[in-house]
Amino acid sequence: RERIILSILAFILILFVAIEHYCILILEMYFNESKTVQRNFGLDSKFLKDERVKKMMANQGLYNSFLASGLIWSLTETGEFQIQIAVFFLICIICAAVYGSVTVSKKIFLLQGLPALMAIIAVLLPLIVS
């Protein structure tokens, strides 16, 4: 019974992290001049209107879509590599969140790294316990 609950918890947490990164994709690629982006990234509207900045943000959004898509892949994979796929993409997110928290804002780790860390624990805990 505990394994089923952890599996469901892992699924929910991975899905949450994937959705979060798709939301970041949408903000960075399509709403990169919005008030939400200004507030969340601490950037002024003049800076965000610069075409070079818009291209950089779109590139970041694309990378976030790869991370989210990898996590969705891990949820739909039914073969022996499901856990490895999930762990790989979650570690990528944790590494990016650590780097972002050191170079930009500690908030990045709380918002992106912590959910990914919780998901990886939920994925690996059943393997450690058994």
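Could you tell me which residue of the stretch 85-109 is nearest to S69 (Cα to Cα), considering only residues that are buried (at least 17 other Cβ atoms within 10 Å of the Cβ) and of a type outside the set (A, V, I, L, M)?
Here the answer is F89.
Output the qualifying pairs, or none if there are none: Cβ atoms under 6 angstrom, residues six or more apart or on different chains, first residue in the stretch 20-49 and within 13 Å of Q60 (Cβ to Cβ), second residue polar (S, T, N, Q) and in a helix (DSSP H, G or I).
Cβ pairs passing all conditions: H21/N64; I24/N64; L25/N64; L25/S65; E28/Q60.
Output the number of residues of the stretch 58-79 satisfying the condition of being open to solvent by less than 80 Å² (accessible area, probe 1.4 Å), part of a helix (DSSP H, G or I) and farther than 19 Å from M29 by Cα.
Counting residues in the stretch 58-79 that are open to solvent by less than 80 Å² (accessible area, probe 1.4 Å), part of a helix (DSSP H, G or I) and farther than 19 Å from M29 by Cα gives 4.
Is it true that Q82 is more than 30 Å from V129 (Cβ to Cβ) and open to solvent by 30 Å² or more (accessible area, probe 1.4 Å)?
no
Scan the stretch 37-49 for residues that are farther than 18 Å from S65 by Cβ and open to solvent by less than 60 Å² (accessible area, probe 1.4 Å) and jot them down.
Residues satisfying the conditions are Q38, L43, S45, L48.
Within the stretch 86-100, count every residue that is at pLDDT 95 or above and over 17 Å from L13 (Cα atoms).
So the answer is 4.
Which members of the stretch 40-77 meet the condition of being of a type in the set (D, E, K, R) and under 19 Å from the mean Cα position of the chain (by Cα)? Before you say what the answer is, go through the steps one by one.
Restricting attention to the stretch 40-77, the residues satisfying the condition of being of a type in the set (D, E, K, R) are 44, 46, 49-52, 54-55, 77.
Result: E77, single match.
The values are calculated or read from the model by the stated rules, or taken from the named source; none is laboratory data. Owing to the predicted nature of the structure, the values given are computational and were not obtained by experimental measurement. A quick note on method: Cβ atoms are made from the backbone with ideal geometry, for glycine too, and the neighbour counts reach across all protein chains shown. Surface areas here come from the heavy atoms of the whole protein model, side chains and all, with no ligands, DNA or RNA. Shrake-Rupley method; radii C 1.70, N 1.55, O 1.52, S 1.80 Å.
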